[in-house]
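Below is one structure; the comments refer to it alone.
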Amino acid sequence: MATILSAVAWPYANGPRHIGHVSGFGVPSDVFSRYLRMAGYDVLMVSGTDEHGTPILVQAEREGVSPRELADRYNRVIVEDLQGLGLSYDLFTRTTTRNHHAVAQELFKTVHRNGYLVPKTTMGAISPSTGRTLPDRYIEGICPICGYDGARGDQCDNCGNQLDAIDLRNPRSRINGETPVFVETEHFFLDLPALADALGSWLQTRTGWRPNVLKFALNLLDDVKPRAMTRDIDWGIPVPLPGWDDNPNKRLYVWFDAVIGYLSASIEWARRSGDPDAWRKWWCDPEAQSYYFMGKDNITFHAQIWPAELLAYNASPGEYGVLNLPTEVVSSEFLTMEGRKFSSSRSVVIYVRDVLERYGPDALRYFISVAGPETQDTDFTWAEFVRRNNDELVSTWGNLVNRTASMIAKNFGAIPQASNLTAADHEVLAVSKKAFDAVGDHLRHQRLKLAIGEAMRNAAEANQYLSEQAPWKEPDQERKATILHVAAQLVSDSNRLLAPFLPHSAQRVHEALGGTGQFLPQPEIVDAADLDGGPSYPIITGDYSAQPRWASESVVPGTPIKPPTPIFAKLAPEVVDEELARLG
Ligand SMILES: [Zn+2]
């Protein structure tokens, strides 16, 4: 079975994550990874919080805390939210570990030695009142290309062009409104033009990507420029070169190090597992595959910057050897909220924690899987959330489990024996058994909507079977037993088909069918010591070795069944108004 790295985008630790974030990277990657494990693949799923860069620095200043304190706070919040959502990371870590710093520096040094990081003198902005560097994105002014007043120093949101802050007309600081001063500063630039041919050749071999993602990635090659990989900032990873490493105001660009997190987290996972080289199976074996999950605002970094770093490293590799480039960049589109862009400042937002507290993880996982922004921009509305929950999750799936288990409990007290299957029995069982191939094929190709649609159709067909066979008015006890045996088998199959999407309720369905013990392994939070003597921090990890198989498994007659309690909660229609009232 193939070896697969599930590389999940790193949430930025400057605040709690909202459902727009987890609809892009979180739930899709977890459904994919859980399916692969059930199907017998060798999966390593890694991520962590991204904690460097200007926004954390600026927010820490605003709150009067150190950047480390701010990152610590939101790292913990994010860890708790993602674990609460059931995201089954082998390791969810962070970028402020000593391990990550060392791995990022090894990549920088090797890419520099290979000649792909070239020094250049540029003009950088400083704030005249504080003397501190003013990063591009904190400068605003008139776009020199389209004349839009409100362009940022790094790009114009009106015409979409990449800009240099010094070219803005009437530049001003977004922090305090003052006019920045430009001074000479030296930085290292990743030589993307020198890597463009190799990037292009690699992209040409990528088949099966979502068309939007591949098109976007190929378009990036039309206009490649060297890109600064160091910054004038005092928060981040020191630049590992003589004359630079002791300069407190020069750091690696946050995106240079954040994408290295996939590698550093794999290495950290291996070190924690007791076999420090175990990560190589996912990174150095050319047969191993890797899937990177993210929202579309991150495609540039995963389809261009990260592969460029890897190609530059592989040109004459350092201690890690030749490293695999991504098999696929799996990007979703944007989720909006009631027709508007998510905005924490304008309260157009719903945080993961609030959804977990009010509705539980599986209601949200279901919605994202069935109605998320998989291949097109999608609007989240509370009316649709409630409708999907009530009409699909509760009415189709919850109802099937409930009525099957109730009738078995009431009539037999245990899963009954089947005798003399009819053509209808054979047919519905065969369809259910075959669904594993169809749903599995969709999941293997990250088509969550088609996969969950197929799985839910299987549950709907089981409901249809029960309605047609009407065991509640069947006078013949033997026939009634057979129908309910078949129904129990259909519930068991559907539960496996839905388990990657609904891992929490899968446990309860397993128990409703008389199952004992843990059905699916779940992630847990562990307070872990830094491996290299830094401060300890919470990680998400888990032992996912004991998996139910991705196949129909025969139910066992005689298994005791108790009257069930409902698996899913129906939401009152008032939920819609309550939630809309909470929005700004
Ligand atoms: Zn413009």
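Per-structure values
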quantity: Which listed residue, of PRO521, PRO500, is buried (at least 23 other Cβ atoms within 10 Å of the Cβ), in a loop (DSSP other than H, G, I, E, B) and modelled with pLDDT of 95 or more; calculated: PRO500
quantity: All positions within segment 237-250 that are surrounded by 19 or more Cβ atoms within 10 Å (Cβ to Cβ) and modelled with pLDDT of 95 or more; calculated: ILE237, VAL239
quantity: Meets criteria (crowded, with 22+ Cβ neighbours inside 10 Å, charged (D, E, K, R) and either in contact with a helix residue (DSSP H, G or I) (Cβ under 7 Å, 6 or more places away or on another chain) or not assigned by TED's automatic domain parsing to the domain that holds GLY295 (or both)) for ASP81; calculated: yes
quantity: Residue check for GLY86: more than 16 Å from the ligand (Cβ to nearest atom), assigned to a loop (DSSP other than H, G, I, E, B) and closer than 30 Å to TYR359 by Cβ; calculated: yes
quantity: Criterion violated by ARG388 - all others in (1) over 32 Å from the mean Cα position of the chain (by Cα); (2) surrounded by 15 or more Cβ atoms within 10 Å (Cβ to Cβ) satisfied; calculated: (1)
quantity: Segment 91-123: number of residues that are of a type outside the set (A, V, I, L, M, F, W, C) and surrounded by fewer than 23 Cβ atoms within 10 Å (Cβ to Cβ); calculated: 15
quantity: Answer residue from segment 156-185, given it is part of a loop (DSSP other than H, G, I, E, B) and more than 12 Å from the ligand (Cβ to nearest atom) and is surrounded by the most Cβ atoms within 10 Å (Cβ to Cβ) among those; calculated: PRO180
quantity: Selection from segment 131-155 of residues that are within 32 Å of the chain's Cα centre (by Cα) and either within 11 Å of the ligand (Cβ to nearest atom) or among the basic types (Lys, Arg) (or both); calculated: ARG137, GLY150, ALA151, ARG152, GLN155
quantity: Any hit, segment 374-382, residues being in contact with a helix residue (DSSP H, G or I) (Cβ under 8 Å, 6 or more places away or on another chain) and part of a helix (DSSP H, G or I); calculated: yes
quantity: Which listed residue is in the same structural domain as ILE452 (by TED's automatic domain parsing), surrounded by fewer than 18 Cβ atoms within 10 Å (Cβ to Cβ) and over 27 Å from the mean Cα position of the chain (by Cα), from LYS480, LYS562; calculated: LYS562
quantity: Residue tally, condition part of a helix (DSSP H, G or I) and either on the phi > 0 side of the Ramachandran plot or out of contact with any helix residue (DSSP H, G or I) (no Cβ under 8 Å at 6 or more places or on another chain) (or both), over segment 458-476; calculated: 3
quantity: Breaking point among (1) at pLDDT below 95; (2) in contact with a Pro (Cβ under 9 Å, 6 or more places away or on another chain); (3) within 19 Å of ILE299 (Cα to Cα); (4) more than 16 Å from the ligand (Cβ to nearest atom), for VAL213; calculated: (2)
quantity: Listing of helices (runs of 4 or more DSSP H) fully contained in segment 219-307 that carry 1 or more residues being among the small types (Gly, Ala, Ser) and over 28 Å from ALA125 (Cα atoms); calculated: 261-273
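The values are calculated or read from the model by the stated rules, or taken from the named source; none is laboratory data. Quick caveat, the model's predicted, so the values are computed rather than measured. Heads up, the Cβs are rebuilt from the backbone with ideal geometry, glycines too, and the neighbour counts pull from every protein chain shown.
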